[in-house]
Amino acid sequence: MNVSVRWWASMLGMAVCLGGAVLPARAQEQGTQHVVTSEELSKQAARPAETRQTNEDAIRHLLSSDEGQKALKSANVDYQRVDKAIGQLSDEEVAKLADRSRQAESDFAAGFLSPKTLAYIIIAVVIIVVIAVVV
C-alpha cells in the first residue's frame with residue numbers, strides 16, 4: 001500500500017508541475033488576444049465628444065436656416081443666446097433635440113411640413129433648450 005501511495009503522490013506532483021508550466025503559457029496567449037492599442041482607446045474616448053458635436057451641429061443647422069432665423073425673429077429670440085444655451089444641455093437632451101431637428105428638416109424637405117409648421121417646431125426646440133438650461 002505504501003508503494004501505491006507513493007506512486008499517486010508522484011503522479012500528483014507531476015500533474016502540478018505540468019499544470020504550473022502550461023497555465024502561465026495559456027494565460028499569456030489569452031492576454032495577447034485582448035490587448036487594446038492606445039490608438040483604439042483614443043478613438044473610443046473621442047467618440048462621445050464627436051457624437052455630441054454632430055448633434056449640436058444638427059440643432060444649430062435647423063436654427064440657423066432661413067426658416068429658423070424667421071421663427072426666432074418672430075418670437076423675438078436672439079440666436080446667439082440660444083446657441084450658447086445649446087452648449088449647456090446634457091448629452092441626452094442634445095441627442096433628443098438633434099433627432100427632432102433632423103426629422104423636422106427631413107419632413108420639410110420632403111414637403112410633409114409647411115413653413116409655418118416648421119416654424120412652430122423650431123420655436124418648440126428653442127423653448128425646450130431654454131427650459132432645459134434654466135431648470
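The values are calculated or read from the model by the stated rules, or taken from the named source; none is laboratory data. Fair warning: this is a prediction, and the values are worked out from it, not measured in the lab. Cβ coordinates were reconstructed from backbone atoms using ideal geometry, including for glycine residues, and neighbour counts include every protein chain displayed.
Brief remarks on what is shown
- Qualifying residue in segment 33-51 (condition: modelled with pLDDT under 95, of a type in the set (Lys, Arg) and under 26 Å from VAL133 (Cβ atoms)): yes
- On the stretch given as segment 86-97, residues that are under 15 Å from the mean Cα position of the chain (by Cα) and within 16 Å of ILE127 (Cβ to Cβ) total 5.
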